[in-house]
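Here is the structure we will look at, set down as structure tokens.
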Amino acid sequence: DVDGFLFPHTCDSIQNLASIVYDYLDLNKPCYFFYHPKAPYRESSRLYYREQLKALVKRLEPQAGPLDSAALKGTVAQARELATLMEEVYALRASGQLAAGNREFYGIVRQGEFLHPDDYVPLVKEFIASARGSSPADLSVVMSGVLPGPPEILTVLDDLGVRVGEDDFLCCGRRLPVAPIEAEDPFEALADAYFRMPPCSTKDSPIAERLADIEARVRRSDAGGVIFNMLKFCEPELFDVPQLVAELRRKEIPTLVIDCDLNQGLSGQMATRVEAFIEMIS
């Protein structure tokens, strides 16, 4: 039922998938590509990003029709509202003022992956109103990786009385709480939001910047340690981890590294390692 494919070139896996779909599957569906800039970032990078957005619009218009500038401004404003709400949710959690457990928290956060903003914004507002209160967990950790999974690890932490006070997840904390600025040009607002995102492996951010960002998350949430929950074969993330772990340990911040496949549950061995880590930092 799809009308086409859009491939953002954030990592080799997606680029290779784009080549397979476009060159070999013969699906007779349009394939669109978006090439975001790589570091080092400067004014030319911002110009390139804006021009890539406008080029994507031109490629889409023959199939989707002319872009409605007023509608684009409206969706950017809606994105600003949603990101501001997510920033509030993350701030409440970091300060221990959110009564929701880890499983409930990410159950709400990840619904944004498939719900339309018209439905998702009221859901987040309702969550903030209903979940505001003292955290049931006394101990906090920071988690890093791609996604907050497998879900079983969140349940284990809930059962141990530990909250994820901050996350450095590529698809959550590094993306969601960044609101576009108010600007007359919606493309400028989108570009500004991209370049204000926290350091990330998919942006080729220097290790020093990622380290400083994780340390700031530890301080904000008064975390007792950092859990790197790595997705197997995700090279952009895995390249950074050894240096991040070494530097955090040098700064006497406890760390734990676990890894699993995308659809793999939490094994007994991994659960035991998590429990031992929590016992150590307690």
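Things to note:
- Choice from Gly101, Gly133, Gly268 with maximal GNM fluctuation in the chain (Cα, 10 Å cutoff): Gly268
- Residues whose amide H falls under 5 Å from that of Leu139, counting only those 5 or more places apart or on a different chain, are Arg163, with hydrogens built in the peptide plane.
- Using the Karplus relation 6.51 cos²θ - 1.76 cosθ + 1.60 with θ = phi - 60°, the per-residue 3J(HN,Hα) values for the stretch 241-248 come to 4, x, 6, 4, 4, 4, 6, 5 Hz, with x marking Gly and Pro.
- Our helix-only sum for the chain, with -39,500 (n - 2.57) per DSSP H run of n ≥ 4 divided by its residues, gives a mean residue ellipticity at 222 nm of -16500 deg cm²/dmol.
- Less than 5 angstrom separates the built amide H of Tyr32 from those of Phe5, Leu6, Phe7, all sequence-distant by 5 or more or on a different chain.
- The packing ranking of peptides 257-264, 270-277, highest mean first, is 270-277, 257-264, where packing means the average number of other beta carbon atoms within 10 angstrom of each residue.
- Summarising the amide proton neighbourhood of Asp168: residues at separation of 5 or more, or on other chains, whose placed amide H is nearer than 5 Å comprise Met143, Ser144, Gly145.
- Backbone geometry of the stretch 33-43 corresponds, through the Karplus equation with coefficients 6.51, -1.76 and 1.60 at θ = phi - 60°, to 3J(HN,Hα) couplings of 10, 10, 10, 7, x, 10, 4, x, 9, 8, 4 Hz, x marking Gly and Pro.
- Rounded percent of accessible protein surface that carbon and sulfur make up, the chain, 1.4 Å probe: 54
- Separation of the alpha carbons by more than 32 angstrom is noted, of Lys38/Lys73; Lys38/Lys125; Lys203/Lys251; Lys54/Lys203; Lys29/Lys203, for Lys38/Lys125.
- Helix 117-131 and the long axis of the chain differ in direction by around 20°, with both axes built from C-alpha atoms.
- Nearest-10 value in Å² for the accessible area of Met280, using the 1.4 Å probe: 120
- Sorting the segments 155-165, 67-77 by their mean number of nearby beta carbons within 10 angstrom, highest to lowest, gives 155-165, 67-77.
- Across the stretch 88-95, rounded Karplus estimates of 3J(HN,Hα) from the backbone phi angles (6.51 cos²θ - 1.76 cosθ + 1.60, θ = phi - 60°) give 5, 4, 5, 5, 4, 5, 4, 8 Hz, Gly and Pro being marked x.
The values are calculated or read from the model by the stated rules, or taken from the named source; none is laboratory data. Keep in mind that this is a model prediction, so the values were computed, not measured. Ideal geometry is used to build each Cβ from the backbone, glycine not excepted, and the neighbour counts take in all protein chains shown. The accessibility values were calculated without ligands, DNA or RNA, using every heavy atom of the protein model including side chains. Shrake-Rupley method; radii C 1.70, N 1.55, O 1.52, S 1.80 Å.
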